[in-house]
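What follows is calculated from the coordinates using simple rules that are stated; it is not laboratory data. Small disclaimer: the values here were computed from a predicted structure and weren't measured. Glycine gets a Cβ as well: all are built from the backbone with ideal geometry, and neighbour counts include every protein chain shown.
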Amino acid sequence: ELTRIGVANFTLECGSHDSYNEQYTEELSNRILLLMVELGMLNAINTQLESLPKKFTKLNTYLAPDGGFINHKISAGDSIKKGEIMGELNHVDLSADNMNITANDEEIVLKISPTHIYYPGDHVYQTISKEDFVAI
C-alpha cells in the first residue's frame, strides 16, 4: 500500500510514451538514491551529481485548440519564452487558417505528445514554469 500514514514512500511510473536515454540512467539512479536518503529510507550515500536536484510543484498542460496536424517547433528540454511559438496547428479543413500554440510564460518543455495528429482537447505539451523550478 503506497498511502500509509507516516511511512515514507514513492512510486515510479514508466508508461509506454516515456522516452529512454541511456546516458541519464546513472544520474537518475543516483537521484532516486538521494531521494531515499532524504526520506529516511536509506543511510547517507556517497554519490556524485552533475547538478543540484530541483523540484517543481505545478505542471502546465497545453491542449490542442482544434483537430488537425501539429508541426512542433520545440523539443523536450527546451527553454521557451512567453509568446514563443511552440507548434503550428494545420487544420484538416484546408480552408481554415493555421493556428499557433504559444507559450504562456517563461517555461521549460518537459514532454511533447508522441504524435502529430490531434483531436480537439488532446494533450500536446507539458511544461514547467521557470519560476516554479527551484533547487531542493
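What is the Cα convex hull volume of segment 60-135 when expressed per residue in Å³?
With only Cα atoms used, segment 60-135 gives 74 Å³ per residue.
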What does the charge dipole of segment 60-135 about its Cα centre add up to, to the nearest 20 debye, if the Cβ of each Lys and Arg holds +1 and the Cβ of each Asp and Glu holds -1?
180 debye
Give the distance, in whole Å, between the Cα centre of segment 90-108 and the Cα centre of segment 54-79.
11 Å
For a quick check: with amide H placed at 1.01 Å from N, whose amide H comes under 5 Å from residue 86's, ignoring anything fewer than 5 positions away on the same chain?
101, 102, 103
